[in-house]
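The values are calculated or read from the model by the stated rules, or taken from the named source; none is laboratory data. Remember, it's a predicted structure, so these values are computed and weren't measured experimentally. Reconstructed Cβ throughout: ideal geometry from the backbone, glycine too, with neighbour counts over all protein chains shown.
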Amino acid sequence: MDLVGRTIRELRAFLDRGEVTSEDLVRAYLDRIEGWNPRINAYITVTAELALEMARAADRRIRSGQAGPLTGIPVGLKDLLITEGVRTTCGSRILEGFVPPYDGTVVARLRQAGAVFLGKLNMDEFAMGSSNETSAFGPVRNPWDPERVPGGSSGGSAAAVAAGLAAAALGSDTGGSIRQPAALCGVVGLKPTYGRVSRYGLVAFASSLDQIGPLTADVADAGWVLEAIAGHDPLDSTSIDRPVPALRDLQPEVRGLRVGVPREYFIEGLDPEVEAAVRRAVGVLEDLGAEVREVSLPHTGYAVATYYLIAPAEASSNLARYDGVKYGLRVAGEDLIDTYRKTRAAGFGPEVKRRIMLGTYALSAGYYDAYYLKAQKVRARVAEDFRRAFQQVDVIACPTTPTPAFRLGEKVDDPLQMYLNDIFTIPANLAGLPGINVPCGFTAQGLPMGFQLLAGPFEEEILLRAAYAYEQAAGIKRPKPALG
Amino acid sequence: MGIPREDVLHVARLARLDLTDEEIKGFAGQLSAILDYVAKLDELDLSDTEPMAHVHEAVNAFREDRVRPPLGQETVLANAPEAEDGCFRVPKVIEA
């Protein structure tokens, strides 16, 4: 029986019927990781011994009839989710030897659910990047074409799920870092509403935008994982105290659902194959009885500029903590200030330095009103666009990325071109809305494409239902990359 | 054209970053290109718009201030680059 490349539900059924043990599963995944990780570099750290130990504990729990939905399921964690006793690097030299003394909330929730951790997944350094090329641990390669990027910043998470190196993974999304790599690797990636999932124990990048979410083989699996990690947490004051809807029994029903297609997302620079695939996906929803109409989000064209003021500003403040005093790298200098400067110079890579510089500039005396404050005003306009649109429609359907996966090195010397890759994902972060990438076919060259659905705040149930209905009707196959 | 070298150095000082000459040149050009791009926000008349403070307009989030067992000194210091006598050790800050 082929154990990798299965959905969580398939694995759950095998485990519950006693056809396989979690230990069998974990051994199969570890074998595959051993074979393929040297080629695609999805994992920074593989915790084989720990995984087998967790699997045996899960098997005891399953035998005693105490299994939950995720008990015994092998998952991977983006390496910015802190894990007690397991090195957490954030893709950076500055945290290369950092071993957290406690679990973040989502990690603790998965642990309690009995999920098995295979290891820590590669990512752009401090989640700053759209190609995974900024990782201090080397780039991740796209399993569909190793000469191409997997997207970023959760590139390791997307590549691992696509290549069958984890049944599911967690990532984080600040400007598209779950949805964009999901689109480029052909998997489902869900960014929940801001505040839906606790970020206690998530290494902070831009705190008004960051959100944790799942990358999975299909839509239903995303519901399973989100249900397990969502919910209020008193340790994260931005997590919202609202009930989590039941997400494990989605109905593929969209009759009468109002689907908005924003005209500002179909612009010059959108790849014609991607555009055609997105329009076909909208057509599938229409055939299922959804009411499709055009909507307008007039400030879309300002979202990237807004984001590249707000996110670096918040990052420059959040990353001030890496000073070589309490944890992480230290490079000794002549005095304390010199130690800070040398430590940070040696520990951060070029993209992180660039964002710290940009953010510090935007917040510095005399520039605050012209940059940060102005960006927060435009952000309010972007959010208002969505508020109006969601008075007319229930979900919005649009592209996730302008193009399929691009080549390694193609955009690495041109930061602005790299930033523009997030043009369709950033608005949902600015407005705090949930969004999902749903695979919708392959290009003539065999590269995956995805489309994006967005919904109003805390409407993950509607979002997943629409995505699920599409997936069922489109009959999207989930071929595994040949990894040849 | 880039932003002036003195400005780059000033920002690097604020950010506690030592930069090489090559980095200073590179950032002067790149930051200026990014700032030129974000100048498109000036196209908008924002005089009637309040800056966003929070996406959900949340108010203060309170929780019970309960005592929990701490991590413990040894655990906390385990990641320290240098520790001594239960403290983080840093270069001398105060002149004798």
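Candidates are the residues of the range A:409-436 that are at pLDDT below 90 and within 10 Å of another protein chain (Cβ to nearest Cβ); the one that is farthest from residue A:142 (Cα to Cα) is A:416.
Got at least one residue in the range A:315-338 being more than 19 Å from residue B:46 (Cβ to Cβ), among the hydroxyl-bearing types (Ser, Thr, Tyr) and surrounded by fewer than 18 Cβ atoms within 10 Å (Cβ to Cβ)? Within the range A:315-338, one or more residues are more than 19 Å from residue B:46 (Cβ to Cβ), among the hydroxyl-bearing types (Ser, Thr, Tyr) and surrounded by fewer than 18 Cβ atoms within 10 Å (Cβ to Cβ). Read through the list (1) under 30 Å from residue A:350 (Cβ atoms); (2) facing chain A (nearest Cβ under 8 Å), then give the number of the only condition that residue B:46 fails. Failing condition for residue B:46: (1).
None of A:254, A:259 is part of a strand (DSSP E or B) and aliphatic (A, V, I, L, M) except A:259. When residues in the range A:364-380 are screened for being surrounded by fewer than 22 Cβ atoms within 10 Å (Cβ to Cβ) and either among the polar types (S, T, N, Q) or in a helix (DSSP H, G or I) (or both), 8 of them pass. So which of A:222, A:230 is under 13 Å from residue A:192 (Cα atoms), away from every other protein chain (no Cβ under 14 Å) and touching a Ser or Thr at 6+ places or on another chain (Cβ under 6 Å)? Going through A:222, A:230 in turn, the sole match is A:222. Residues that are under 18 Å from residue A:470 (Cβ atoms) and more than 14 Å from the chain's Cα centre (by Cα) within the range A:409-445 comprise A:424, A:439, A:440, A:441, A:442, listed in sequence order.
For the residues A:327, A:302, A:361, A:307, the requirement of being assigned to a helix (DSSP H, G or I), under 26 Å from residue A:90 (Cα atoms) and within 7 Å of another protein chain (Cβ to nearest Cβ) singles out A:361.
Just checking, does the range B:80-90 include any residue being among the acidic types (Asp, Glu) and at the interface with chain A (Cβ under 10 Å from one of its Cβ atoms)? There is at least one residue in the range B:80-90 that is among the acidic types (Asp, Glu) and at the interface with chain A (Cβ under 10 Å from one of its Cβ atoms). Here residue A:109 fulfils each of the conditions (1) of a type in the set (D, E, K, R); (2) within 29 Å of residue A:322 (Cα to Cα); (3) touching a Leu at 6+ places or on another chain (Cβ under 9 Å) apart from (3). State whether the residues of the range A:396-408 include one that is under 20 Å from residue A:192 (Cα atoms), within 14 Å of chain B (Cβ to nearest Cβ) and either more than 16 Å from the chain's Cα centre (by Cα) or assigned to a helix (DSSP H, G or I) (or both). No. Residue-level check: of (1) among the small types (Gly, Ala, Ser); (2) under 25 Å from residue A:100 (Cα atoms); (3) at the interface with chain B (Cβ under 8 Å from one of its Cβ atoms), residue A:317 misses just (3). With respect to being more than 17 Å from residue A:26 (Cβ to Cβ) and not in a loop (DSSP other than H, G, I, E, B), residue A:181 fits the description. Output yes when any residue across the range A:220-232 is surrounded by 20 or more Cβ atoms within 10 Å (Cβ to Cβ), among the aromatic types (Phe, Trp, Tyr), over 18 Å from the mean Cα position of the chain (by Cα) and not in a loop (DSSP other than H, G, I, E, B), and no when none is. No: the range A:220-232 contains no residue that is surrounded by 20 or more Cβ atoms within 10 Å (Cβ to Cβ), among the aromatic types (Phe, Trp, Tyr), over 18 Å from the mean Cα position of the chain (by Cα) and not in a loop (DSSP other than H, G, I, E, B). Taken together, the residues in the range A:53-78 that are under 23 Å from residue A:99 (Cα atoms) and in contact with a helix residue (DSSP H, G or I) (Cβ under 6 Å, 6 or more places away or on another chain) amount to 4. Of all residues in the range A:158-183, those satisfying the criterion of being in contact with a helix residue (DSSP H, G or I) (Cβ under 7 Å, 6 or more places away or on another chain) and either hydrophobic (A, V, I, L, M, F, W, C) or closer than 19 Å to residue A:32 by Cβ (or both) are A:158, A:159, A:162, A:163, A:164, A:165, A:166, A:167, A:168, A:169, A:170, A:182. Only residues that are under 18 Å from residue A:42 (Cα atoms), more than 14 Å from chain B (Cβ to nearest Cβ) and among the β-branched types (Val, Ile, Thr) were counted across the range A:70-127, and they come to 2. Condition check: closer than 20 Å to residue A:271 by Cα, hydroxyl-bearing (Ser, Thr, Tyr) and part of a helix (DSSP H, G or I). Does residue A:468 satisfy that? Taking the combined requirement at face value, the residue does not satisfy it. What are the pairs, 6+ residues apart or on separate chains, where a residue within the range A:438-457 that is over 20 Å from residue A:176 (Cβ atoms) has its Cβ under 8 Å from a residue that is crowded, with 24+ Cβ neighbours inside 10 Å and of a type in the set (Gly, Ala, Ser)? Partner pairs satisfying both residue conditions: A:442/A:186.
Can you tell me which residue among B:61, B:39, B:33 is assigned to a loop (DSSP other than H, G, I, E, B) and either at the interface with chain A (Cβ under 8 Å from one of its Cβ atoms) or of a type in the set (A, V, I, L, M, F, W, C) (or both)?
B:61 is the lone residue from the list that is assigned to a loop (DSSP other than H, G, I, E, B) and either at the interface with chain A (Cβ under 8 Å from one of its Cβ atoms) or of a type in the set (A, V, I, L, M, F, W, C) (or both).
Determine whether residue B:15 is surrounded by 13 or more Cβ atoms within 10 Å (Cβ to Cβ), within 7 Å of chain A (Cβ to nearest Cβ) and either under 30 Å from residue A:384 (Cα atoms) or touching a residue at least 24 places away in the same chain (Cβ under 8 Å) (or both). Considered against the rule, which asks whether it is surrounded by 13 or more Cβ atoms within 10 Å (Cβ to Cβ), within 7 Å of chain A (Cβ to nearest Cβ) and either under 30 Å from residue A:384 (Cα atoms) or touching a residue at least 24 places away in the same chain (Cβ under 8 Å) (or both), residue B:15 comes out as no.
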